[in-house]
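Just so it is clear, none of the values below were taken in a lab; they were calculated from the coordinates. The shown structure was predicted, so the numbers you read here are calculated from the model rather than taken from an experiment. Don't worry about glycine lacking a Cβ; one is built from the backbone with ideal geometry, like all the others, and counts go over all protein chains shown.
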There are 4 protein chains.
Amino acid sequence: MSFQNPVFIPGPTNIPEVIRKACDMPTIDHRSSVFGEIFAPVRENLKKVLKTTSGEIIIFPASGTGAWEASISNTLSPGDKVLAARNGMFSHRWIDMCQRHGLEVQIVETPWGEGIPANKYQEILAADKGHEIKAVLATHNETATGVRSDIGAVRAAMDAAKHPALLMVDGVSSVASMDFRMDDWGVDLAVTGSQKGFMMPAGLAICGVSQKALSHMDAAKLPRTFFDFRDMLNAYAAGGYPYTPAVGLLNGLNTSVNMLLDEGLEAVFDRHHRIAEGVRRAIAAWGLKPCAANPSLYSDTVTAVVVPEGFNGSAVATHAAEAYGMAFGVGLGEVATKVFRIGHLGSLTEAMMLSGLSVAEMSMVDLGIPVKLGSGVAAAQEYYRVGSAAMQAAAE
Amino acid sequence: MSFQNPVFIPGPTNIPEVIRKACDMPTIDHRSSVFGEIFAPVRENLKKVLKTTSGEIIIFPASGTGAWEASISNTLSPGDKVLAARNGMFSHRWIDMCQRHGLEVQIVETPWGEGIPANKYQEILAADKGHEIKAVLATHNETATGVRSDIGAVRAAMDAAKHPALLMVDGVSSVASMDFRMDDWGVDLAVTGSQKGFMMPAGLAICGVSQKALSHMDAAKLPRTFFDFRDMLNAYAAGGYPYTPAVGLLNGLNTSVNMLLDEGLEAVFDRHHRIAEGVRRAIAAWGLKPCAANPSLYSDTVTAVVVPEGFNGSAVATHAAEAYGMAFGVGLGEVATKVFRIGHLGSLTEAMMLSGLSVAEMSMVDLGIPVKLGSGVAAAQEYYRVGSAAMQAAAE
Amino acid sequence: MSFQNPVFIPGPTNIPEVIRKACDMPTIDHRSSVFGEIFAPVRENLKKVLKTTSGEIIIFPASGTGAWEASISNTLSPGDKVLAARNGMFSHRWIDMCQRHGLEVQIVETPWGEGIPANKYQEILAADKGHEIKAVLATHNETATGVRSDIGAVRAAMDAAKHPALLMVDGVSSVASMDFRMDDWGVDLAVTGSQKGFMMPAGLAICGVSQKALSHMDAAKLPRTFFDFRDMLNAYAAGGYPYTPAVGLLNGLNTSVNMLLDEGLEAVFDRHHRIAEGVRRAIAAWGLKPCAANPSLYSDTVTAVVVPEGFNGSAVATHAAEAYGMAFGVGLGEVATKVFRIGHLGSLTEAMMLSGLSVAEMSMVDLGIPVKLGSGVAAAQEYYRVGSAAMQAAAE
Amino acid sequence: MSFQNPVFIPGPTNIPEVIRKACDMPTIDHRSSVFGEIFAPVRENLKKVLKTTSGEIIIFPASGTGAWEASISNTLSPGDKVLAARNGMFSHRWIDMCQRHGLEVQIVETPWGEGIPANKYQEILAADKGHEIKAVLATHNETATGVRSDIGAVRAAMDAAKHPALLMVDGVSSVASMDFRMDDWGVDLAVTGSQKGFMMPAGLAICGVSQKALSHMDAAKLPRTFFDFRDMLNAYAAGGYPYTPAVGLLNGLNTSVNMLLDEGLEAVFDRHHRIAEGVRRAIAAWGLKPCAANPSLYSDTVTAVVVPEGFNGSAVATHAAEAYGMAFGVGLGEVATKVFRIGHLGSLTEAMMLSGLSVAEMSMVDLGIPVKLGSGVAAAQEYYRVGSAAMQAAAE
C-alpha cells in the first residue's frame, strides 16, 4: 500500500493530517467529563453544518447505511407507506431497506441521470387524501450518477399538497460539501456519514432529526435498540452515551466541523463547486459528457463520466488503479460499465484534482478511448488558474 | 487530556502503539484488492481466536451492542422465546434488547455476583418439551460484577435436556483475554467487540456464527439491513463489503489478531490470569473482597471491588480520576456505589497494574477507607516478582 | 518493542502525545514563511524558559554534546584556558571535549556526589590576575550522580573575584525541569537539548547565548561551520536557517515550550520537586541513600541510588529491563556498579512514578538486596496522596 | 499548513507513510539491546545502498552539512590543501567550509550548469608532484543546477595522475536516488543525509568511510568531538553510541533502506530516471531548457528550469506556493532568479509529478511566461503512460 496518490472515489475521501491525528487518540474513559468536552461541541456544530437550529443531532458508531436504518426505524411502523424515487444505486438501496423492514414503498421510477421528479411527488401526495404516506424519501445527491436533486422543490411539492409526511433526505455525499438546508427545506431526517464531506474515515452515522420526527419516536413500532434515538437522547441528556462510543472518530469529527466552520460553509461549497467545474471543463474538452442529464443536476461532489459506446467505464477505473495506483469509482447498477466516476469532494486542492485528471486521461488513452492527452488538464487549468476569465465569469 | 496514565476501565482498553498505527490509515479504495488483503486474514485468524473451524466470522462497523442485535435479528422472529439469566448490567441490557425486539424472554433472576445457574437452565430446558425456547443467552463474563460463567456447563445443560435451541454467548469482555471455545462449547452465536481483549478502539462488532445459526437466517423474521448476515456473507464471497467498511479499524484488528496469535492464545490467557491474580492478592491484603461470589467465578479481565459498608465505590473511581488522573470503573445497576471496578484486560504489564493498585490505595485512603498504603501493592509485587513462590504455587 | 511502560532513564524522557504528534510532521518547504511561523515563537519562548531577556537562542539539529561544542568553538581559541570542576561523567566529558579542542583546562577534581565547589573556583579566579582563564564551566545538574550545583554561587564567586571570564553552564538535564536563571546568574552560554525537560526526542541542541558571549564570536579561532553561531544568526535575521533544519523537531519544541509556559514554569519546577521528593522518601524507606552527598545537592530530575556494599547497581537496572521491561539508568564512571539511577524528569505523573518505584523494589528484592516490598511505594504514596501532611509540611 | 499537495523542493522530500510511522517512536533506552536491533541493520544495509563492502558507515544526528564537516575534520589538518570544483551553490558551500577550517582550497571555477571537469582535475593532480593535495572534493549532484557529475571520471583522473589524495564525494542529493558506487569509484568519504533519497526528515548525517580514510583519523589535526569518527566507531563496537542518538530517525532510516533494497536499487534508479525524463519532456514541450548544459549532465533528482529572459524564476516558485500551495525550489547564487527548480526525487509517483507539472504550467502562465497550458503535462503523460513508445525507446 503506497498511499502516495490521493483517492478519487466518491468516498471515503482523503483525510487531512489534522483529522487523522485527532482520530488517532489514546483510550480515555468515555464516562468521564472529557467525553462531553469532545461530544457536546460536535453536536452543536453539526447543527450549523446541517443548517438547523431546532433539530437534534444523533450520532451512531456505524456507516451511512446505519443512519438510513435509524431514520426509518425510529419513526415508522411495519406496513407504513413511504414514497421514494429510484434514480440510482443509493436511492435503490434505501428503498430495498424499507421493503426489508416491512414498509410499503411507492416507487417513482426515474431514469438514472435524472433528479427526483418533484412534480410527480406532488401529484402522488395530492392524491393521497388519507395521508397513508408517512414519509417521503429523497436522495439529495445520487453518488452513483453524480446527480443532485432539488430538495427545496420536494419540500415545495409536499407543501403544495399540504401533506404531513416526514421528509427524509439522504445527504451522505452532499452534506458538508454542498449546501444543505435542513430547516429551510423542512427536512425531518437528514442522514449522512463521516467519510465524505467530513473528510473522515467511515464509522460514524450522523442523523439530523427535526422535532416533528422526534414526536414520532414513541409510536414507531419498528424494533431497534442499537439505533434507538430515545436511548441516545436520554444518554446525551445525562452527558453520556448508551453504549461504548467511538471516541477517536468523534474527536476527529470535532476537528472536522471546526475546520469546515473556520473556512466558512459557503467557502467550502464554493471550493467544491470550483473543483467540480474544472472536472466538468475537462470532460467537455475530452468530448465526453457527464451522466447527469443537464447542468442543473450536476453534483459538485462526484461526476460520473459516460464513456463512448463500445468502451467499458469500469475498465478505466481498474486500469487507473493497476497502472497508475489511482482510485476512481466504477459504475454501479444500471450504469455499470457505462461510466466511471470521479469523486471530487472533501479535502482536495486544484493540484490534486489535476493529478486525477492527468491519470484519467492516460488511462482512457491507454484503453483506446479517443481523448487527447493534456486536453482535459488544460481546460481545467485554464479554469483553475489565478485570474482565469472562465472562473470569474462563472462566479458572476 | 494528558494520556499519561494507563486506563483501568474494563474497556476500551489501552491501545498498543502498533495497533494505533495500524488503525491510523490513509484512505484506500475499499473496492480494491487491498481491502481483501486486510479483511481475509482478519476473518481467518478470528476463527482461531474464537476456536472455531466451522463457524463464520462476520464483522460490523458498530459496537458490541450491535453484535448482540445482529445475533438475535438474524436468527429469531418476533414472538420467539429465549432463555436468559440476569446477573449483572450487561446480561440485563441484552434481555432488554430482546424484549424491545418483540421476543419473549424467560428470565432466570440470579444474584449479582453469581454466575449463570446451569442447573436451573437445564431444568427449564428439560421442561420445554415443545422446544418453544429458540435461543439460550449466556453472558460469559459479566463486566459489571467481574463474574465469569461456565459456558461449558451451559452447553452440558442444553445437551442433557436434548434441547435444540441456539446458544448465544456474549464474549465482549472475555474473548481474546480468557479462554473461549466456540466449537467445544457448541456456541452458535459468539458476540464480541474490538475494544476489550483486542486492544482496539471501539467500532467493530464481531460475530462468530455457527453453521446451525446460519441455517436460521432465512426463516428469521426480525427486520434488519445494516446488521444482515446475508448481505455480509454475499459481499464477503465477492471479496467486498455490503457498504463502506471501517478499513482502518479492520487493519488494526488484523494487527491485533496477529499479535495475539504470535504470543499464543494460552500465553495471552496466562498473562491475563497472572495480572488478575495480582489484583486479587492486593484486594485481599486490603481486607476487601471481590463482588464475585467465589473463586471459581473470578474474572481474569475485570474485578469489582466491594467497598466497606458506609463508603461509596463510585466515589473511589471519581476521586482517582480527579486527584490522580486515573480511570477506574464505577459500579452499575444493583451494585452501583457498592463497588468500584478495576479493568485488567488487554495490553497491560505488571508495572502498569502496580501503578493502578497504587492509585487505588491512595484514593481509598484519601476517602477514609481503612486500607494500608502499600499493602495491596506489596501483595501484588510478591506475586508478580520473578521467582515468586506464590506465582509458582499458583501455576502448579 | 512493547512501549507499554514509561521509561525512567534520565533522558530521553517520556514524550507526551501532543508533542509526538507535533514532531510527526509532513515535509514543508523550510524556505517558506511556514518555517518562520514555527521557529520564531520557539526562539522567543525559549528565552522565557531560560529566563533571559537579552540573550539569543540558537538551535542546532544535533545533540546536547553538539551544544557543548558550539559553546566553546564560538567563543574560544586554541590554547585558551578554562576552569572546570569534574564531579561526574558529564562534567568529565565536557572537560575532555575542551582538551580535544586544544583548550587548557584547569580541573577542580571534586568527589562524585558533591557539587561544584564555588569557593575553590573563587580562589582560583582571584589568583588569576592576568585573566588567562577565558571561561568557567559549570554542570548545573550532574546526570551521573543526581547532583545539582549552585550556579548562583558560581556567579557570586566570579563576581567576588571580579573575573571577566565567560560562564558556560551545562543545563542539559536541568533546563525546563528545575529553575534556571540565565540572566540572574549571568550565564553566558546556557547549553541544553531537546530530550530531557523538553520531553522531546533527541535531535536539537539548544544554546542560550548572552550578548557578552556573542561579542566573542569574531575573535574566537576554533574552527566551526556546522556549529557557527554567526551563520545561524545571519540566517535567522533573514527568516531562514543556514542549512536544512529539523522542522518536525522544531514544531515539537514549539508545542513543548507552549506546554511548559501554559503550565507555568514554577508549577513545572514544583511538579518535578514533588515527584522527586516522593522518590527520595521511597529510598529512605528502603534504608538506602542517594549518591548526592547532602540534601542541598539533591537533583529534582534524577536520583542515583547507592546500593548496599556487595551488590551491583547496574544489575538492578539490567534486571528491571529484562524481567519487567522497565528502563532505569546504570551507574557511569566512578560510580559504575555502585548506583542505579532513577530519572524523574519530563512528563511524569505520580502514578507513573509509583510504577517505577514498584519495579525498582521488585528488582532489588529479586537480587537479594534487603528492601521490603511495598515499603518505598508506601512512603511515596503517603507523600503524593491528596491531603498528605508530609507534602504540606514540605511545601511550607 | 494544509499538507495536501506533495512538495517539489529538491529536499526534504515527501515522506512515505511507513517511514513517518517508523520515525514517530516512543522513547526507548538507547543503552538497551533494542537500540542495536535498530542500528546494526541500518549500518549494514547502508553499505549496500552506497555499494561498498569494505567501508564503514557512520551516522551523526545532524544535517548533510555536518557530514561534510565530519569528512574533513576526521581526515585533514589545518593548512592541508584540497582540490575542488565550484559549479553551484552546494559545491561553493563545501569549499567555504574548508576555508573556514583552515584548509587551503585549490578551486576549479566551473560554469554553473557544467559538471566537474575531470580533465582539469587530472592536470592539476598530475602537476602536484609533491602530493600536497590531500583530498579531492566532488559534488556528485549539484542541487542548485541539477547537474550530475561523473565521479567515475574523477576517479580515473586521480588514477591517471597516480595521486594518493582522498576522494570525498557529496552525494546528499544523489545517494539512494541515482547510482552511487563507493567501491567502484574509490570514494573515500561519501557524504549524504536523511532528507533526500532516503525520504526522511532532516536530522541524520550519513558518512560512508573507506579504510584508507579511516587510516587518516589519528593523524588528522582538525579538532572535533561531536563529529569524531573514532568515538563513533568505538561506541559502535561496544553496541552503543557516544552520546544520545536520534533513535526515531534511525528507526525510520532502517525502514527506508529496507524499502529501497526491497524495491531494488536499480529499480529505484530507473524510477527516478523515468520521473525525471517526464519532467524534461515537459520542459521541452514548454520550449524551455534545463540549466544543465547537456544531457549527459542531467540529474535524475532535480531539474533547474531556465525561465526566458525577462522573467524571474524565483517568482514562479513564490507564485506556485502562494496561489496553489505547492513548493518548488528557487534559484540560488549565480542562477538566482534565472531558474526555478523542480525536485523529483524520493517518494514520487507519475501522478504526483503530473500535479507538479500542472501547477508549474499554471504559475508560468499566470506570470506571463509564454508556455501553453497542458503542453508539458501532455508530453510527460505521453512518456509516462503505459505502452508509451517514447519510454520504450528510452529504455532500449
Hey, fewest Cβ within 10 Å first, where do D:Ser296, D:Ser173 land in order? D:Ser296, D:Ser173
Once amide H atoms are built 1.01 Å from N in the peptide plane, which residues 5 or more positions from D:Val105, or in another chain, come under 5 Å H to H? D:Val82
Which order results if D:Tyr384, B:Tyr241 are arranged by neighbouring Cβ count within 10 Å, fewest first? B:Tyr241, D:Tyr384
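Given only helices, namely DSSP H runs of n ≥ 4 each adding -39500 (n - 2.57), what is the per-residue ellipticity at 222 nm of the protein assembly as shown, to the nearest 500 deg cm²/dmol?
Details: 56 runs with 658 residues, N = 1584.
Helix-only estimate at 222 nm: -13000 deg cm²/dmol.
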How large is ³J(HN,Hα) for each residue in segment B:180-185, as worked out from phi by the Karplus curve 6.51 cos²θ - 1.76 cosθ + 1.60 (θ = phi - 60°), to whole Hz, x for Gly and Pro? 9, 10, 4, 6, 4, 8
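With a length cut of 20 Å (Cα positions projected on each helix's long axis) and a Kyte-Doolittle mean of at least -1.0, go through chain A and give me the DSSP H helices that pass. Write down the numbers at each step before the final one.
Numbers: long enough: A:33-50 (26 Å, 0.36); A:247-263 (24 Å, 0.56); A:265-285 (30 Å, -0.11); A:350-366 (24 Å, 0.82).
The answer, listed by residue number, is A:33-50, A:247-263, A:265-285, A:350-366.
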Among the GluC sites (Glu not before Pro) in segment C:264-321, which ones are in a DSSP loop with at most 10 other Cβ atoms within 10 Å of the Cβ? Mind listing them? C:Glu309
Under a 5 Å amide H to amide H cut-off, with H placed in plane at 1.01 Å, what residues pair with A:Val330 once short-range neighbours are removed? A:Arg341
Mean Cβ count within 10 Å, highest first, over the residues of peptides C:191-202, D:251-262: C:191-202, D:251-262
Going by how many other beta carbons lie within 10 Å of each one, how would you line up A:Tyr298, D:Tyr383, fewest first? A:Tyr298, D:Tyr383
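Taking a 23 Å limit on the Cα-Cα distance, which of the listed pairs C:Lys196/C:Lys372; D:Lys134/D:Lys212; A:Lys48/A:Lys162; D:Lys48/D:Lys221; B:Lys51/B:Lys289; B:Lys47/B:Lys221 fall beyond it? Walk me through the numbers before you get to the answer.
Numbers: C:Lys196/C:Lys372 31 Å; D:Lys134/D:Lys212 12 Å; A:Lys48/A:Lys162 28 Å; D:Lys48/D:Lys221 31 Å; B:Lys51/B:Lys289 33 Å; B:Lys47/B:Lys221 27 Å.
Going by Cα-Cα distance, C:Lys196/C:Lys372; A:Lys48/A:Lys162; D:Lys48/D:Lys221; B:Lys51/B:Lys289; B:Lys47/B:Lys221 fall outside the 23 Å limit.
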For labels at B:Glu334 and A:Glu309 in the simple 7 Å Cα→Cβ model, what's the distance in nm? 7.5
For a quick check: with amide H placed at 1.01 Å from N, whose amide H comes under 5 Å from A:Val302's, ignoring anything fewer than 5 positions away on the same chain? A:His344
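How big is D, in µm² s⁻¹, for the protein assembly as shown by Stokes-Einstein at 10 °C and 1.306 mPa s if Rh is the Kirkwood radius over C-alpha pairs?
Details: Rh = 35.4 Å.
Here the translational diffusion coefficient equals 45 µm²/s.
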Springs between alpha-carbon atoms under 10 Å, Gaussian network over chain A: tell me which of A:Ala317, A:Ala282, A:Ala220 tops the mean-square fluctuations. A:Ala220
Need the C-alpha centroid separation for segment C:96-164 versus segment B:234-249, integer Å. 69
Put a label point 7 Å from Cα along the Cβ direction on C:Ala160, then list its distances to the equivalent points in the other copies in nm, shortest first. 7.2, 9.0, 9.9
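Percent antiparallel among DSSP beta bridges with both residues in the protein assembly as shown, to the nearest 5?
On the way: 88 of 168 bridges.
Around 50 percent of the beta bridges assigned by DSSP in the protein assembly as shown are antiparallel ones.
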Need the full-extension length gain, C:Ala219 to C:Asp96, defined as separation in residues times 0.36 nm minus the C-alpha distance. One decimal, nm. 42.0 nm
A correct Karplus calculation of ³J(HN,Hα) over segment D:333-347, with 6.51 cos²θ - 1.76 cosθ + 1.60, θ = phi - 60°, whole Hz and x for Gly and Pro, returns x, 5, 9, 4, 6, 7, 9, 10, 10, 10, x, 9, 10, x, 8
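Which length gain, in nm to one decimal place, applies between B:Val386 and B:Ser77 when the Cα-Cα distance is subtracted from 0.36 nm times their residue separation? Display every interim value, and only then the final one.
On the way: separation 309, 0.36 × 309 = 111.24 nm, distance 5.49 nm.
Additional length available on full extension: 105.7 nm.
Rounded to the nearest 20 Debye, what is the dipole magnitude of segment C:265-395 about its Cα centre when Lys and Arg each give +1 and Asp and Glu each give -1 at the C-beta?
Its charge dipole is roughly 140 debye.
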Applied in sequence order to segment A:186-198, the curve 6.51 cos²θ - 1.76 cosθ + 1.60 (Karplus, θ = phi - 60°) yields integer Hz couplings, x standing for Gly and Pro, of x, 6, 8, 10, 9, 10, 8, x, 7, 9, 10, x, 7
Just to be sure I understand: of the beta bridges DSSP finds with both ends in chain B, what percent are antiparallel, rounded to 5? 50
